[in-house]
Amino acid sequence: MELRLGISLMEFAESNKKSTYKKAVEFQTKLAGTVDLCGFSLQGIHLIAGTDVSYSHTAKETTAVAGIVVMEYGTWSVVERVYAVKDINFPYIPGLLSFRELPVLIDAFAKLKTMPDLWLVDGAGIAHPRRLGLASHFGVTVDQPAIGVAKSRLTGSHATVPSQQGSRVSLYDGEEVIGTVLRTRSNVRPLYISPGHKVSIAQAPEIVLSCCTRYRLPEPTRAAHNFVTVLRQQLLK
């Protein structure tokens, strides 16, 4: 498997930050051309994985904890959970989140014994200034269907979303549709859904909504978030 992570954390730490930022942007632009938005067979969904990354901070370092939870579609029973922990020095820079989170997420991915049919990634897919958010970078790197499930908007504009559950509006960057703003629960803040890889713009919100039960977040993403929250608390102890 060719892991297309892009520039390394060490490269960022040791080089001129402006030049490395430029390299990261160039890499994203190039890799974005490999994202596939042709669609995914919904009948092929049996297992769905959710991912999340959390951080613990000390005076000397930042440690990232990545969690993956594989669940059976529909019943939402947990099939497998894996995690990885990694010290990181790549700073938080809007638009370059994948360079910070993808390495530890790939470490967790390498531990999986069960390969899901689809991934719900906590972050943007193509709803990104260069069309390569974390979900797209991850999907292309591991060559798996992925959807970005973001809690906030990274880029783009949209009309007001009606307050009823299931309501949605398109997310635009200029005249280009880059995702969907989806209300997964009535009168609750919407999610920003965009395809990561091997999923179409139209399919992404339908799949995410089908994974939502009583909560704002789809079940796999919610399970991954709860998983890494517990792990981070244990790490801090």
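Size of the chain along its principal axes in angstrom, Cα-based, largest extent first?
That works out to 49, 42, 34 Å along the principal axes.
Quick one: dipole size for the chain, taken about the Cα centre, charges +1 on Lys/Arg Cβ and -1 on Asp/Glu Cβ, in debye to the nearest 20.
The calculation lands at about 660 debye.
Which of rounded, prolate or oblate describes region 139-234 when judged by the alpha-carbon gyration tensor and an a/c cut-off of 1.5?
Oblate, because a/c is 1.5 or more while a/b does not exceed b/c.
If a paramagnetic tag sat 7 Å from the Cα of Tyr92 along the Cα-Cβ line, which residues of region 191-217 would have the backbone N under 20 Å from that point?
So the set is 191-192.
Please work out whether region 52-153 counts as rounded, prolate or oblate from its C-alpha gyration tensor, where a ≥ b ≥ c are the square roots of the eigenvalues and a/c under 1.5 means rounded, while otherwise a/b larger than b/c means prolate and anything else oblate? Write out the running numbers ahead of the final one.
On the way: a/c = 1.93, a/b = 1.23, b/c = 1.56.
Note, shape of region 52-153 comes out oblate.
Among DSSP beta bridges lying fully in region 9-236, give the percent that are antiparallel, nearest 5.
80 percent
Under a GNM of the chain (C-alpha, springs under 10 Å), which listed residue has the highest mean-square fluctuation: Glu176, Glu101, Glu26?
Glu176
Going by how many other Cβ atoms sit within 10 Å of their own, how do Arg81, Arg100, Arg216 line up, fewest first?
With the sparsest Cβ surroundings first, the list reads Arg216, Arg81, Arg100.
Laboratory data are not the source of any read-out in this text; all were calculated from the coordinates shown. No experiment lies behind these values; they were computed from the predicted model shown. Note that each Cβ is placed from the backbone with ideal geometry, even for glycine, and that neighbours are counted across all protein chains shown.
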